[in-house]
Amino acid sequence: MEGVEMSVPKEIGHIVLNVTDVERSTRFYRDVVGFQVSRYRPDGTGAFLTCGVVHHNLALFKAPPGARPTEKGAIGLNHFAFKVESYRALQAAHSRLVEARAAIDHIVDHGMTRSVYFLDPDGIMMELFSDTYATEEEGLAYMKSTRGGAAPMDITAAEPPRAEIPQADFTRVG
């Protein structure tokens with residue numbers, strides 16, 4: 001395959017979660033998080049949800065009998081993040097989560113994003129975030145030039161100012 005460029009993924013297509021109760025989880029992701037249902041299996045074994053553009057961004061499947069939830073910190077998926085349009089939309093989503101009594105794990109400013117981490121009905125960690133910078137390029141520049149971090153923030157307060165993008169390089173491995 002010499003001389004052939006390696007293909008790279010274009011984007012993350014969708015996430016699939018095994019859940020204990022497909023109907024309950026579908027209602028949560030639709031009514032609280034804001035997804036739209038693109039298909040629901042009448043037998044309750046699966047649901048497909050969309051952010052409104054592609055056929056599905058999230059699929060929910062009925063977990064097999066006896067399936068155990070993953071322990072926090074276990075090897076495997078830590079969490080998955082869904083982008084919202086703006087900081088105000090993030091504030092509104094946080095309010096819906098609180099109203100629905102979802103467990104809020106933490107709320108932080110990562111510099112390039114502001115994030116609300118929460119647990120779904122099965123205790124699966126999810127994140128809703130809004131971008132801090134006006135363009136993807138600025139967000140990537142910030143990411144590449146900082147050590148990273150997660151400063152706790154008050155989601156009910158006005159949107160914090162965005163940080164300046166430093167001149168540094170944190171892309172080297174090893």
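The values are calculated or read from the model by the stated rules, or taken from the named source; none is laboratory data. No experiment lies behind these values; they were computed from the predicted model shown. No Cβ is skipped: glycine too gets one built from the backbone with ideal geometry, and neighbour counts run over all protein chains shown. Keep in mind that these areas ignore ligands, DNA and RNA; they rest on the heavy atoms of the full protein, side chains included. Shrake-Rupley method; radii C 1.70, N 1.55, O 1.52, S 1.80 Å.
With point charges of +1 on the Cβ of Lys and Arg and -1 on the Cβ of Asp and Glu, referenced to the Cα centre of region 29-174, which listed residue (Gly76, His106, Thr45) lies farthest in the positive direction of the dipole?
My answer, from the dipole projection, is Thr45.
Efficiency by 1/(1 + (r/R0)^6): what FRET value for Ser7 and Val54, r their Cβ-Cβ distance, R0 = 22 Å, to the nearest 0.05?
0.65
Let a ≥ b ≥ c be the square roots of the eigenvalues of the Cα gyration tensor of the chain; is it rounded (a/c under 1.5), or, if not, prolate (a/b larger than b/c) or oblate?
Oblate, since a/c reaches 1.5 and b/c is not below a/b.
For region 69-74, what does the Karplus curve 6.51 cos²θ - 1.76 cosθ + 1.60, with θ = phi - 60°, yield as ³J(HN,Hα) per residue in whole Hz, taken in order and with x for Gly and Pro?
x, 6, 7, 4, x, 5
Restricting to Cα pairs below 8 Å that are 6+ residues apart, what does the relative contact order work out to for the chain? Please round to a whole percent.
For the chain, the relative contact order is 17 percent.
Over the chain, with the other protein chains present, what is the accessible area per residue in square angstrom, probe 1.4 angstrom?
Accessible area per residue, the chain: 67 Å².
At 1.4 Å probe size, with the rest of the protein present, what percent of the exposed accessible area of region 1-99 is carbon and sulfur atoms?
Carbon with sulfur: 54 percent of the solvent-accessible area.
Evaluate the relative contact order of region 1-58 (contact order divided by residue number), counting alpha-carbon pairs under 8 angstrom at least 6 apart; express in whole percent.
28 percent
Find out how many positive minus negative residues lie around Glu136, taking Lys and Arg as positive, Asp and Glu as negative, among other residues whose Cβ is under 15 Å from that of Glu136.
It works out to a net charge of -1.
Tell me, what ³J(HN,Hα) does each residue in region 118-128 have, in order and in whole Hz, if you take phi through Karplus 6.51 cos²θ - 1.76 cosθ + 1.60 with θ = phi - 60° and put x for Gly and Pro?
With the stated coefficients, region 118-128 comes to 9, 10, 7, x, 9, x, 7, 6, 9, 9, 10 Hz.
Work from the charge dipole of region 31-149 (Cβ charges, +1 for Lys and Arg, -1 for Asp and Glu, about the Cα centre) and give the residue of Ala59, Met126, Phe35 farthest towards its positive end.
Of Ala59, Met126, Phe35, it is Ala59.
Quick one: among Ala89, Ala151, Ala47, which has the greatest mean-square fluctuation in a GNM of the chain with alpha-carbon springs under 10 angstrom?
Ranking Ala89, Ala151, Ala47 by mean-square fluctuation puts Ala151 first.
How would Met126, Met112 rank on accessible area, largest to smallest, probe 1.4 Å?
Sorted by accessible area, descending: Met112, Met126.
At a Förster distance of 45 Å, what's the computed FRET efficiency of Leu119 paired with Asp43, Cβ-Cβ distance as r, to 0.05?
0.95
When the helix-only estimate is applied to the chain (DSSP H runs of n ≥ 4, each -39,500 (n - 2.57), divided by the residue count), what is the mean residue ellipticity at 222 nm, nearest 500 deg cm²/dmol?
Helix-only estimate at 222 nm: -4500 deg cm²/dmol.
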